[in-house]
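Asks: Attaching a single structure in structure tokens format; questions to follow.
Throughout, read-outs are computed from the coordinates displayed, never taken from laboratory work. Predicted model only: the values in this text are computed from it and were never measured. Note that each Cβ is placed from the backbone with ideal geometry, even for glycine, and that neighbours are counted across all protein chains shown.
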Amino acid sequence: MCLDRRQMLLATGAAALALPTQWARAQSKPALLTVGSRTLDVHGRSAKVYGISGKGRLGLLLTIPVTGVPPILAQVEADKRRTGIVLASAGATVTKIWETAERTAAFATLAPDERLQAKAPLAARQPDRTFHIMLGEESGYRWTLNGNVHGEHTPLEAKVGERIDYSARHRRSVAGCPAGYGSAG
């Protein structure tokens, strides 16, 4: 079976939806995954489903069978609605894929992300500094960082090569998200 490599950027414009994106065939799993400017080697560790959060992007380097017709489908979490694209080889027969899935999709999780590893991991060491960031909001969707709106905030500066550990917390509920949602470390 001949294989073909293709680069693809999947993006969602939905601000409040997570789209579990599914590769229908094992041969169409991504070999590389780009998150922002970082490329992660997921060959041999990849899952068949990756979640794309609201307004998220997924950069892929796909290896697909030249004679196949592998679909890449995104289904709204906790729903049956889906969309997608079909990567069809020249002359291949493409059958209709319905916009309604047979089963309701599960909620998107970070489980696949937990298995990702950087191609060149950072050396293990303690952080040089730690930032505790408090996210907030004022009326009119004026977002704050440590209690100050943009332009009045104190920038969180780091030097090249400095190891920073940060945690971000949001005190108030936003669009149905519980208080504290978005904590990171």
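Asks: Compare the peptides 120-131, 96-107 by average per-residue count of other Cβ atoms within 10 angstrom and give them in order, highest first.
Replies: 96-107, 120-131
Asks: Please report S167, S139, S89 as a ranked list, fewest other C-beta atoms within 10 angstrom at the top and most at the bottom.
Replies: Lowest count first: S139, S167, S89.
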